[in-house]
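A.B. asks: Below: one structure in structure tokens.
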Amino acid sequence: MNEESSRRLFHDRIDAGRRLAQELTAYANRPDVLVLGLPRGGVPVAYEVAKALGAPLDIILVRKLGVPGEQELAMGAIASGGVRVLNEDVVRMIGIPASVIDSVAAKEQRELERRERLYRGDHPAPDIAGKTIILVDDGIATGATVRAAIALVRQQKPAAIVVATPVAPVSTCNELQADVDDLVCVMEPESFFAIGFWYESFPQTTDDEIRQLLGYAWRGHPAAERPAPEAQP
């Protein structure tokens with residue numbers, strides 16, 4: 001990695017969120033804007049974006065469907081409400097049978113429901129209709145997960161959908177452009193490698209960190225008391 005590339009790395013998700021927010025100033029201080037983070041890693045980034053824009057923060061639950069034996073490779077994703085998006089190129093290339101997809105989806109559905117209970121508790125889901133929704137993740141690789149999030153949001157009739165991320169391959173950004181009203185990406189490398197490659201510090205975000213951040217946002221807690229990131233045990 002050359003010196004110029006090193007200077008462009010995000011220090012961590014906090015830095016990434018603040019830099020991403022600088023690209024989203026057109027959405028600042030607007031009463032119609034709602035920022036939705038994709039757990040886990042997208043929530044710390046979304047927290048910084050929402051804070052900078054003066055917008056409310058919430059979450060949207062999606063789960064990647066990893067190829068068995070190659071979990072980092074997404075064959076699709078699911079979201080609440082029975083939304084399923086498949087990466088047809090991956091499914092076709094590997095020859096993944098429908099029964100395997102259904103089995104993986106059932107497992108991820110259980111985890112999605114667990115996280116919904118854990119993160120949201122009694123807090124009601126946000127009203128999306130008529131809002132400008134900014135979907136935030138800490139990085140986008142194939143785009144399967146964010147496509148599931150887009151499909152779920154679109155069902156609820158928002159005024160506009162914006163996808164915002166610190167880093168995504170230029171090919172994925174080009175494909176997503178047609179699916180949303182605006183796409184904001186700080187870095188669009190031709191050679192992507194993996195999301196963590198673009199961060200100096202990229203620990204797994206914990207469930208506790210997400211609950212703390214959402215609690216601060218929902219209670220209007222002072223941003224100065226933001227919890228420090230911890231490694232997932």
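A.B. asks: Among the residues that make up the range 41-57, is at least one of them hydrophobic (A, V, I, L, M, F, W, C), touching a Ser or Thr at 6+ places or on another chain (Cβ under 6 Å), within 23 Å of E113 (Cα to Cα) and part of a strand (DSSP E or B)? Steps first, please.
C.D. replies: Within the range 41-57, the subset hydrophobic (A, V, I, L, M, F, W, C) is 43, 45-46, 49-50, 52-53, 55, 57.
Subset that is touching a Ser or Thr at 6+ places or on another chain (Cβ under 6 Å): none.
Looking for residues that are hydrophobic (A, V, I, L, M, F, W, C), touching a Ser or Thr at 6+ places or on another chain (Cβ under 6 Å), within 23 Å of E113 (Cα to Cα) and part of a strand (DSSP E or B), one finds none in the range 41-57, hence no.
A.B. asks: Pick from G139, G130: which is in a loop (DSSP other than H, G, I, E, B) and touching a strand residue (DSSP E or B) at 6+ places or on another chain (Cβ under 7 Å)?
C.D. replies: Numbers: G130 fails: touching a strand residue (DSSP E or B) at 6+ places or on another chain (Cβ under 7 Å).
Selected residue: G139, the only one of G139, G130 that is in a loop (DSSP other than H, G, I, E, B) and touching a strand residue (DSSP E or B) at 6+ places or on another chain (Cβ under 7 Å).
A.B. asks: If you don't mind, another one. Taking the conditions exactly as written (surrounded by fewer than 15 Cβ atoms within 10 Å (Cβ to Cβ), in contact with a His (Cβ under 9 Å, 6 or more places away or on another chain) and either in a loop (DSSP other than H, G, I, E, B) or at pLDDT below 95 (or both)), does G215 satisfy them or not? Let's see the steps before the verdict.
C.D. replies: Details: surrounded by fewer than 15 Cβ atoms within 10 Å (Cβ to Cβ): yes; in contact with a His (Cβ under 9 Å, 6 or more places away or on another chain): yes; either in a loop (DSSP other than H, G, I, E, B) or at pLDDT below 95 (or both): yes.
Considered against the rule, which asks whether it is surrounded by fewer than 15 Cβ atoms within 10 Å (Cβ to Cβ), in contact with a His (Cβ under 9 Å, 6 or more places away or on another chain) and either in a loop (DSSP other than H, G, I, E, B) or at pLDDT below 95 (or both), G215 comes out as yes.
A.B. asks: Which one of these does E111 not meet: (1) at positive phi; (2) in contact (Cβ under 8 Å) with a residue 40 or more places away in the chain?
C.D. replies: Among (1) at positive phi; (2) in contact (Cβ under 8 Å) with a residue 40 or more places away in the chain, E111 violates only (1).
A.B. asks: May I ask you to list pairs of residues, at least six apart or on different chains, whose Cβ atoms are under 8 Å apart, with the first in the range 79-97 being within 12 Å of R63 (Cα to Cα) and touching a residue at least 40 places away in the same chain (Cβ under 8 Å) and the second being among the charged types (D, E, K, R) and surrounded by 18 or more Cβ atoms within 10 Å (Cβ to Cβ)?
C.D. replies: A79/R63; V85/R147
A.B. asks: Checking A141 against (1) within 15 Å of L24 (Cβ to Cβ); (2) crowded, with 19+ Cβ neighbours inside 10 Å, only one condition comes out false. Which one?
C.D. replies: (1)
A.B. asks: Then there is this: If you go through the range 89-123 one residue at a time, how many are in contact with a Lys or Arg (Cβ under 9 Å, 6 or more places away or on another chain), within 18 Å of Q71 (Cβ to Cβ) and surrounded by 14 or more Cβ atoms within 10 Å (Cβ to Cβ)?
C.D. replies: Residues flagged as in contact with a Lys or Arg (Cβ under 9 Å, 6 or more places away or on another chain), within 18 Å of Q71 (Cβ to Cβ) and surrounded by 14 or more Cβ atoms within 10 Å (Cβ to Cβ) within the range 89-123 amount to 6.
A.B. asks: Right, another one. Filter the range 155-165 for residues that are under 26 Å from M187 (Cα atoms) and not small (G, A, S); which is surrounded by the most Cβ atoms within 10 Å (Cβ to Cβ)? Let's see the steps before the verdict.
C.D. replies: First pass over the range 155-165, keeping only residues under 26 Å from M187 (Cα atoms): 160-165.
Narrowing the set further to residues that are not small (G, A, S) leaves 161-163, 165.
Numbers: I161: 21, V162: 20, V163: 26, T165: 28.
For the range 155-165, the residue satisfying everything is T165.
A.B. asks: Among the residues of the range 67-86 satisfying the criterion of being outside any strand (DSSP E or B) and within 19 Å of V153 (Cβ to Cβ), which is nearest to the chain's Cα centre (by Cα)?
C.D. replies: Among them, the one singled out is S80.
A.B. asks: Where residues in the range 177-202 are closer than 30 Å to G82 by Cβ and either touching a helix residue (DSSP H, G or I) at 6+ places or on another chain (Cβ under 7 Å) or assigned to a strand (DSSP E or B) (or both), which of them is modelled with the lowest pLDDT?
C.D. replies: Within the range 177-202, the first condition is being closer than 30 Å to G82 by Cβ, and the residues that meet it are 177-185, 194-195.
If we keep only those that are either touching a helix residue (DSSP H, G or I) at 6+ places or on another chain (Cβ under 7 Å) or assigned to a strand (DSSP E or B) (or both) as well, we get 179-180, 182-185.
On the way: D179: 94, V180: 97, D182: 98, L183: 98, V184: 98, C185: 97.
Among those residues, the one meeting the criterion is D179.
A.B. asks: Additional query: Within the range 11-40, can you find the residues that are crowded, with 21+ Cβ neighbours inside 10 Å and either under 13 Å from the mean Cα position of the chain (by Cα) or assigned to a helix (DSSP H, G or I) (or both)?
C.D. replies: R13, A16, G17, L20, A21, Y27, V35, L36, G37, L38, P39, listed by residue number.
A.B. asks: Next question, about the same structure. Given the conditions (1) in contact with a Lys or Arg (Cβ under 6 Å, 6 or more places away or on another chain); (2) crowded, with 18+ Cβ neighbours inside 10 Å; (3) at pLDDT 90 or above, and given that K131 satisfies all but one, which numbered condition is not satisfied?
C.D. replies: For K131, the failing item is (1).
The values are calculated or read from the model by the stated rules, or taken from the named source; none is laboratory data. Just so it is clear, the model here is predicted, and its values are computed rather than measured. Note that each Cβ is placed from the backbone with ideal geometry, even for glycine, and that neighbours are counted across all protein chains shown.
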